[in-house]
Amino acid sequence: MILTVTLNAALDITYRVPRLRAHHSHRITEAIERPGGKGLNVARVLATLGHDTVATGLIGGATGAALRDQLGSYPGVADAFVPIAGTTRRTVGVVDASTGDTTQLNEPGPLVSAAEWAAFADRYAELLDGAAAVALCGSLPPGVPVGAYAQLIRAAHGAHVPVLLDTSGEPLRRGIAARPDVIKPNADELAALTGSTEPVRAAREARRRGAHAVAASLGPEGLLAITPDGAWRAAPPSRIAGNPTGAGDSAVAGLLSGLAEGLPWPDRLARAVALSAATVRAPVAGEYDEATYAQLLPQVRVSPHPAAA
Ligand SMILES: O=P(O)(O)OC[C@H]1O[C@](O)(CO)[C@@H](O)[C@H]1O
């Protein structure tokens with residue numbers, strides 16, 4: 001079983017408008033609501049790939065109930081969320097149909113009490129028993145300690161479960177000091193963490209600070225991985241147009257499923273890049289276009305990178 005953690009779950013709302021213009025009102029041509037937050041998107045992709053998946057995190061209020069309701073209809077994702085008194089947030093992604101660009105608005109999330117956080121930590125420790133790998137994903141809601149991911153990484157390692165961390169800012173900085181097995185920052189997150197805008201230098205610095213392996217997503221150019229086993233660039237055969245929301249989450253699902261299956265790094269990277277590109281072709285985060293995935297997987301170019309691991 002693969003465990004995903006979404007401490008700041010969200011009801012993701014995607015609006016499509018003909019053309020997005022600041023200071024104007026807009027008619028929405030399509031509205032879609034889905035369970036979201038990065039870990040939940042990862043869970044849905046893992047389940048589609050055929051992995052037994054358990055999704056945990058914090059959830060509450062009317063939004064949380066709506067989210068749970070929908071989660072029940074996703075085969076292969078077991079709901080192990082811990083209830084909280086606060087109300088799960090919403091995020092809104094506005095897709096401009098004239099350009100395909102998406103503007104994202106994310107609420108901060110509910111206030112979590114110390115008792116709720118402690119209840120979650122206990123539940124997480126139980127769930128680690130039987131997990132082949134764990135993904136810790138997304139922002140932290142208010143009230144959750146900023147060192148939360150470091151605490152969860154240490155617990156996973158105590159249970160001999162490998163961890164992938166996908167977050168940003170201070171939770172990432174504190175998290176990598178606890179030596180996660182893999183981090184998957186994007187170029188901006190990596191630059192904010194290390195102060196270097198050059199991805200190879202930044203990825204090496206992140207490893208020096210504690211991450212065992214760094215798989216950095218470079219947008220449409222694919223992934224750069226610097227790992228104890230070697231360094232690689234993995235790129236799709238061509239630029240894929242569409243909505244990139246959730247593409248990073250699908251990359252996480254690709255990397256984590258490959259880790260759980262014991263695949264070598266180049267195969268994990270090919271899977272992550274193909275899934276990520278296939279997600280750009282799907283209208284909402286947490287879903288990917290299966291035909292695009294099957295077509296792209298053998299075409300992803302994975303080449304050793306001269307950067308020393
Ligand atoms: O936890 P955050 O960093 O705010 O990210 C959450 C958001 O990111 C997405 O997962 C896309 O990656 C959305 O589904 C949305 O829920």
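The values are calculated or read from the model by the stated rules, or taken from the named source; none is laboratory data. Note that the coordinates shown come from a computational prediction; the quantities given were computed from them, not determined experimentally. Ideal geometry is used to build each Cβ from the backbone, glycine not excepted, and the neighbour counts take in all protein chains shown. For the accessible areas, the whole protein counts, side chains as well, though only heavy atoms, and no ligand, DNA or RNA atoms are used. Shrake-Rupley method; radii C 1.70, N 1.55, O 1.52, S 1.80 Å.
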Counting sequence-distant residues (5 or more places) and residues on other chains, those with an amide H built under 5 Å from that of Arg89 are Leu11
hull vol. (C-alpha, convex hull) per residue for the chain, Å³ -> 127
Expected max-MSF residue from Gly246, Gly36, Gly169 in the GNM of the chain (alpha carbon, under 10 Å) is Gly169
Probe 1.4 Å, all chains present, heavy atoms only: Ser139 accessible area in Å², nearest 10, is 50
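Going from most exposed to least, what order do Leu127, Leu20 have by accessible area with a 1.4 Å probe?
Numbers: Leu127 20, Leu20 65 Å².
Most to least solvent-accessible, the answer reads Leu20, Leu127.
Full-extension gain between Ala191 and Ala85, please, as 0.36 nm times their residue separation minus the C-alpha to C-alpha distance. Present the calculation step by step, with values, prior to reporting the outcome.
Working: separation 106, 0.36 × 106 = 38.16 nm, distance 3.59 nm.
34.6 nm is the gain from fully extending Ala191 to Ala85.
Would you rank Tyr74, Tyr149 by solvent-accessible area, highest first, keeping every protein chain in place and using a 1.4 Å probe?
Details: Tyr74 50, Tyr149 0 Å².
I get Tyr74, Tyr149, largest accessible area first.
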Under the Karplus relation with 6.51, -1.76 and 1.60 and θ = phi - 60°, whole-Hz ³J(HN,Hα) for segment 125-137, x at Gly and Pro, equal 4, 5, 5, 4, 5, x, 8, 7, 6, 9, 10, 10, 9
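Report, for segment 35-118, the % of DSSP beta bridges that are antiparallel, rounded to 5. Each step should come with its number before you reach the end.
Numbers: 5 of 10 bridges.
If I count the DSSP bridges inside segment 35-118, around 50 percent turn out antiparallel.
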Here, Asp96 and Ile28, labelled 7 Å along Cα→Cβ, have an inter-label distance in nm of 1.9
Under 5 Å from the placed amide H of Thr6, counting only residues 5+ away or on other chains, we find Thr56, Gly57, Leu58
For segment 1-42, averaging the sequence separation of alpha carbon pairs under 8 Å that lie six or more residues apart and dividing by its residue count, the contact order in percent is 51
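Would you work out the relative contact order for segment 196-249, in percent, from Cα pairs under 8 angstrom that are 6 or more residues apart?
23
Hey, can you rank 108-120, 257-269 by average C-beta count inside 10 Å, highest first? Present the calculation step by step, with values, prior to reporting the outcome.
Numbers: 108-120: 17.0, 257-269: 18.7.
Per-residue mean Cβ counts within 10 Å order the peptides as 257-269, 108-120.
For the pair Ser113 and Ala291, what calculated FRET efficiency results from E = 1/(1 + (r/R0)^6), where r is the Cβ-Cβ distance and R0 = 45 Å, to the nearest 0.05? Could the numbers behind the result be given before it?
On the way: r = 46 Å, r/R0 = 1.02.
Step by step, r from the Cβ atoms, then E = 0.45.
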A correct Karplus calculation of ³J(HN,Hα) over segment 71-85, with 6.51 cos²θ - 1.76 cosθ + 1.60, θ = phi - 60°, whole Hz and x for Gly and Pro, returns 4, x, 8, 9, x, x, 10, 7, 8, 10, 6, 9, x, 10, 6
The Kirkwood hydrodynamic radius of segment 1-144, taken as the inverse of the mean 1/r over all distinct Cα pairs, in Å, comes to 15.9
With Rg from the Cα atoms and Rh as the Kirkwood inverse mean 1/r over Cα pairs, segment 172-285 has an Rg/Rh of 0.95
Whole-Hz Karplus couplings 3J(HN,Hα) for segment 188-198, θ = phi - 60° and coefficients 6.51, -1.76, 1.60, Gly and Pro as x, run 5, 5, 5, 5, 5, 6, 10, x, 10, 8, 8
For segment 37-178, averaging the sequence separation of alpha carbon pairs under 8 Å that lie six or more residues apart and dividing by its residue count, the contact order in percent is 19
